[in-house]
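**Q** A single structure is presented below for examination.
Read the figures in this text as sums done on the coordinates, not as results from a lab. Everything quoted here is computed from the prediction, not taken from an experiment. Heads up, the Cβs are rebuilt from the backbone with ideal geometry, glycines too, and the neighbour counts pull from every protein chain shown.
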Amino acid sequence: MEKREELYAGKAKSVFRTDDPDKMVLVFRNDTSAFDGKRIEQLDRKGMVNNKFNAFIMTKLQEAGIPTHFEKLLSDTESLVKCLDMMPVECVVRNFAAGSLCRRLGVEEGITLTPPTFELFLKNDELGDPMINESHVESFGWAKAADLAKAKELTYKVNDVLKALFAEGGMILVDYKLEFGIFNGEVVLGDEFSPDGCRLWDAETKEKLDKDRFRQGLGGVIEAYEEVGRRIGMDFDA
């Protein structure tokens, strides 16, 4: 597999073409950003940790019957993935109140949400990724209604799989975001799943083990990510 020109550079990852039009190389960088890119820092080992974390989670989801774009690890910071036609939306499930939900609705952090909530956000950095609804997605042609419905179904399936996985490691999956695309007519999970895109708390102490450590200046960001991985059976040295 030959890695070719760069297609896209995001806040923490870069995407490269390959000699196969159906495959791309996803490169995880050490860049860490918050507040819509207003704060950016380099954190040592972050690219490696998130790449291996994502590979582990995507493999678990595939074993549970959830289609993903992940193919295989290529190096400590690179993965081979399918080339998807991405939906420009983020699917968010919240099991507990935290972050923007608390600010938006004035509710207390940590409230259990029964049932979990499902939200949609438009991927648009200039607009600050505004919250949207399913009608917007269909009306503006951002995704077909059937494809969005499938993405919603898969988002909840991911919740069932990962809540159980993290619970075994003594953690609470507070919330997370997912991105989906189309590959050969099928809705497939894309992008990544790492502590950059979810909230994870220790089940007993409620210590934050995710990117909120960076957002809130708590320190020990990568150490927390590695702790999460070890609790669910990962070996970052493998």
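**Q** Determine whether the stretch 22-38 contains at least one residue that is loosely packed, with under 14 Cβ neighbours inside 10 Å and in contact with a Cys (Cβ under 7 Å, 6 or more places away or on another chain). So that I can check it myself, show each step before the final result.
**A** Residues of the stretch 22-38 loosely packed, with under 14 Cβ neighbours inside 10 Å: 22, 35-38.
Of the ones still in play, those that are also in contact with a Cys (Cβ under 7 Å, 6 or more places away or on another chain) are 22.
Looking for residues that are loosely packed, with under 14 Cβ neighbours inside 10 Å and in contact with a Cys (Cβ under 7 Å, 6 or more places away or on another chain), one finds at least one in the stretch 22-38, hence yes.
**Q** While we're on this one: Just need a number here: residues in the stretch 184-208 that are surrounded by fewer than 18 Cβ atoms within 10 Å (Cβ to Cβ) and of a type in the set (A, V, I, L, M, F, W, C). Reasoning before the result, please.
**A** Here is the first cut: in the stretch 184-208, the ones surrounded by fewer than 18 Cβ atoms within 10 Å (Cβ to Cβ) are 184-186, 202-207.
Checking the rest, the ones that are also of a type in the set (A, V, I, L, M, F, W, C) come to 203.
Counting residues in the stretch 184-208 that are surrounded by fewer than 18 Cβ atoms within 10 Å (Cβ to Cβ) and of a type in the set (A, V, I, L, M, F, W, C) gives 1.
Conditions tested, residue by residue: (1) touching a residue at least 24 places away in the same chain (Cβ under 8 Å); (2) under 23 Å from ILE132 (Cα atoms); (3) outside any helix (DSSP H, G or I); (4) β-branched (Val, Ile, Thr).
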position: LYS72; (1), (2), (3), (4): no, no, yes, no
position: ASP76; (1), (2), (3), (4): yes, no, yes, no
position: LEU80; (1), (2), (3), (4): yes, no, yes, no
position: GLU90; (1), (2), (3), (4): yes, yes, yes, no
position: ASN95; (1), (2), (3), (4): yes, yes, yes, no
position: CYS102; (1), (2), (3), (4): no, yes, no, no
position: VAL107; (1), (2), (3), (4): no, yes, yes, yes
position: GLY110; (1), (2), (3), (4): yes, no, yes, no
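**Q** Return the residues of the stretch 124-152 that are buried (at least 16 other Cβ atoms within 10 Å of the Cβ), assigned to a loop (DSSP other than H, G, I, E, B) and not aliphatic (A, V, I, L, M); say none if nothing qualifies.
**A** Selection gives ASP129, TRP142.
**Q** Looking at the stretch 130-155, I want the residues that are under 23 Å from LEU101 (Cβ atoms) and have a partner that is surrounded by 14 or more Cβ atoms within 10 Å (Cβ to Cβ) and of a type in the set (Phe, Trp, Tyr) with Cβ atoms under 8 Å, at least 6 apart or on another chain. Which pairs are those?
**A** Listed pairs, sorted by first residue: PRO130/PHE121; MET131/PHE121; ILE132/PHE121; HIS136/TRP142; ALA151/PHE180; LYS152/PHE118; LEU154/PHE180; THR155/PHE118.
**Q** Can you find a residue that is touching a Cys at 6+ places or on another chain (Cβ under 8 Å), within 28 Å of LEU80 (Cβ to Cβ) and without any contact (Cβ under 8 Å) to a residue 40 or more places away in the chain anywhere in the stretch 189-210? Step through it out loud before you land on a result.
**A** To start, the set of residues in the stretch 189-210 that are touching a Cys at 6+ places or on another chain (Cβ under 8 Å) comprises 210.
Now drop any that are not within 28 Å of LEU80 (Cβ to Cβ), which leaves 210.
With the extra rule that they be without any contact (Cβ under 8 Å) to a residue 40 or more places away in the chain, the set shrinks to 210.
So far as the stretch 189-210 goes, yes, one or more of its residues are touching a Cys at 6+ places or on another chain (Cβ under 8 Å), within 28 Å of LEU80 (Cβ to Cβ) and without any contact (Cβ under 8 Å) to a residue 40 or more places away in the chain.
**Q** I've got another one for you. With the structure loaded, tell me whether PHE236 is under 22 Å from ALA34 (Cα atoms) and outside any helix (DSSP H, G or I) or whether it fails that test.
**A** Values: under 22 Å from ALA34 (Cα atoms): no; outside any helix (DSSP H, G or I): yes.
For PHE236, the condition - under 22 Å from ALA34 (Cα atoms) and outside any helix (DSSP H, G or I) - is not met.
**Q** Oh, and also: Output the number of residues of the stretch 46-83 satisfying the condition of being surrounded by 15 or more Cβ atoms within 10 Å (Cβ to Cβ) and among the charged types (D, E, K, R).
**A** Counting residues in the stretch 46-83 that are surrounded by 15 or more Cβ atoms within 10 Å (Cβ to Cβ) and among the charged types (D, E, K, R) gives 6.
**Q** Search the stretch 196-212 for residues being of a type outside the set (D, E, K, R) and in a strand (DSSP E or B), and hand back the single one that is farthest from ASN30 (Cα to Cα). Before the answer, list the steps.
**A** Filtering the stretch 196-212 down to residues of a type outside the set (D, E, K, R) leaves 197-198, 200-201, 203, 205, 209.
From what is left, the residues that are in a strand (DSSP E or B) are 198, 200-201.
Numbers: CYS198: 18, LEU200: 20, TRP201: 23 Å.
Out of the qualifying residues, it is TRP201.
**Q** Just to verify a result, which residue in the stretch 5-34, among those that are free of Cβ contacts under 8 Å to residues at least 12 places away in the same chain and assigned to a strand (DSSP E or B), is farthest from GLY181 (Cα to Cα)? Write out each step before concluding.
**A** So in the stretch 5-34, the residues free of Cβ contacts under 8 Å to residues at least 12 places away in the same chain come out as 6, 8-10.
Next, only the ones that are assigned to a strand (DSSP E or B) stay: 6, 8-9.
On the way: GLU6: 19, TYR8: 16, ALA9: 18 Å.
Within the stretch 5-34, the match that is farthest from GLY181 (Cα to Cα) is GLU6.
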